[in-house]
Amino acid sequence: MSVLVVVECDGGEVKKSSLEVASYASQVAQMLGSTATAVAVGEATEANLAKLGEQGISKVLYDSEPRLKDFVNGAYTKLIAVAASKEEAKVIVLANSNIGAAVGSRLSIRLEASLATNVVELPKTDGGKFVVKRGAFSGKAFADVELASDRKIIAVKKNSIEALHEAGKTAPVESFSAQLTDADFADAPKEVIMQDQAGGVLLPEADLVVSGGRGMKGPENWNLIEDLAKALGAATACSKPVSDVDWRPHHEHVGQTGITVSPNLYIACGISGAIQHLAGVNSSKVIVVINKDPEAPFFKAADYGIVGDVFDVLPKLTAAVKELN
Amino acid sequence: MKFLVCISNVPDTTTKITFTPDNKEFNKAGVQFVINPWDEYALTRAIELKEAQGGGTVTVLNVGEADTEPNIRKALAIGADDAIRVNAHPKDAFFVAKQIAAVAKEGGYDAILMGKESIDYNGFQVHGMVGELLGIPTVAPAMKLDMSGNTATLEREIEGGKEIVEVNTPFVASCQQPMCEPRIPNMRGIMTARTKPLKVVEPTTDAARTEVETFALPPAKQGVKLIAAENAGELIKLLRNEAKVI
């Protein structure tokens, strides 16, 4: 009755969100009096996988099949299902990422498991029940959900849990083969196109986000957003109207029908704060709003605010960050 | 080609969320319901592909009680040919996926499209469950979908980029922008929608695997601390020393 956690790797390293997920899994294992095994997907090095011991992982399984470097829904599902049977896993933990949702949903059928996505806290196990808290209504509410099946699959939302760091602890890395066949790679990508990160931070993984709205007046002014983001080590984002008119690419659109972020800090520049935008950001730990309109609804959802012109305020903030560093 | 488009009936995006006094259910009183915005991408793209192929059908499927019919009619007005409603309260994603899979199996559809997730439950689960129940590939979330014969070419969003994926029919895709510009009904569509077939079927199983025990609203914010624009640099100090986030 172990806990299995899926860790996503990229460029040899374990993604930060997966360190959180691994920490979640080892804490669940502790609650259940069991151990947590990780199964790695993507491109990983053995040294980095061994370091998952710092997150309380007892063992790491790694299938070195080269076609697993890119995301393939069919193959990843089988890989994890095989690992789950091998480990007799009762609880499977994934990141609430595109990969986590795509794989978790298929696995829930294959393993006859209850599935909860968007989970924000460790489970409650009082009275023999297994209950998780998850975000619902686009961040406007939470739901406590009972997972009734014997097996449970949990996809944990980014930044909901602090990653553990027991320095120096390592986990043994076992090579393992799920005996994947060509049929498992039916949805293998013909091509993978990664965004040009240009040294920047990826939005879904970011702890700090600087976001711009229509108040930025045009794409030519985005250097102000980028300068502050760069000084902070933050990712850049935008509101829906901005991506709708192609000032910024769609993958930066944060909101109800864009991506949902939950960073430690979200700085909104020239965004009025429509309810659909708030849905994508309101689980951020700290929200800063800069807007020249003191009546902008976003101020009601903010922790800190500056009523002022973004073109005047942003350079001052960037300078202040540089001074602090 | 035969398209099956699954839609859900959700509170309008501007709805203020409240719950029944026991916090067990969403409070529907006075709330306007709409077609789930993500599902609109699936619906419009299916209609566009059907038009491009010069034939085929687009069937809309909803798992819901009779009060969802106005939005099913709206989907017919936008351009779907016929509709099926599975007459049941959508208990959880597994329950809904089982109903969709049963309808899909009987209808022999080539492509099963739906939105990435519903804006009420935000599960992002049904697509994969349906694909697995039917033993066919799922592409989720899909930002682009083109068809050539029996082969679909899709762009699948991954964190930090996208994959170009080709799958053969039948397949499931969960759709999101920028797949297409969702259509709104025109007057002719609204008139013809009234007479398009809407079949009501009963659920094939009542099995569910999760149950909501209670809903809660997020804690209210403490109120905003304002910093004068002239003194903007002060904010950075507060973020470091008080909020401790940088």
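The values are calculated or read from the model by the stated rules, or taken from the named source; none is laboratory data. Note that the coordinates shown come from a computational prediction; the quantities given were computed from them, not determined experimentally. So basically every Cβ, Gly included, is an ideal-geometry build from the backbone, and we count neighbours across all protein chains shown. Side chains are part of the model used for accessible areas, which takes the heavy atoms of the whole protein and leaves out ligands, DNA and RNA. Shrake-Rupley method; radii C 1.70, N 1.55, O 1.52, S 1.80 Å.
Numbers below:
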item: Hey, B:ALA173 within 8 Å of chain A (Cβ to nearest Cβ), closer than 17 Å to A:ASP187 by Cβ and either touching a Cys at 6+ places or on another chain (Cβ under 8 Å) or crowded, with 24+ Cβ neighbours inside 10 Å (or both) or not; result: no
item: Condition met for B:LYS50 (at pLDDT below 95 and either away from chain A (no Cβ under 14 Å) or surrounded by fewer than 20 Cβ atoms within 10 Å (Cβ to Cβ) (or both)); result: no
item: Enumerated strands (runs of 3 or more DSSP E) restricted to segment B:151-246, each holding at least 2 residues that are among the polar types (S, T, N, Q); result: B:151-158, B:210-216
item: Subset of segment A:13-40 (residues that are open to solvent by less than 10 Å² (accessible area, probe 1.4 Å) and either closer than 23 Å to A:GLY127 by Cα or in contact with a strand residue (DSSP E or B) (Cβ under 6 Å, 6 or more places away or on another chain) (or both)); result: A:SER18, A:VAL21, A:ALA22, A:TYR24, A:ALA25, A:VAL28, A:ALA29, A:ALA36, A:THR37, A:ALA38, A:VAL39, A:ALA40
item: A:ALA235, sole failed condition from (1) of a type outside the set (Val, Ile, Thr); (2) within 25 Å of B:PRO219 (Cα to Cα); (3) under 19 Å from the mean Cα position of the chain (by Cα); (4) crowded, with 22+ Cβ neighbours inside 10 Å; result: (2)
item: In segment B:2-36, residue least open to solvent (accessible area, probe 1.4 Å) [restricted to those that are touching a helix residue (DSSP H, G or I) at 6+ places or on another chain (Cβ under 6 Å) and in a loop (DSSP other than H, G, I, E, B)]; result: B:ILE7
item: Selected residue (criterion: farthest from the other protein chains (Cβ to nearest Cβ)) from residues of segment A:112-157 that are of a type in the set (Val, Ile, Thr) and closer than 23 Å to B:LEU217 by Cβ; result: A:VAL156
item: Set B:LEU133, B:LEU113, B:LEU198: member being open to solvent by less than 30 Å² (accessible area, probe 1.4 Å), modelled with pLDDT of 95 or more and at negative phi; result: B:LEU113
item: Residue match in segment B:200-218 (condition: without any contact (Cβ under 8 Å) to a residue 24 or more places away in the chain and under 27 Å from A:ALA237 (Cβ atoms)); result: yes
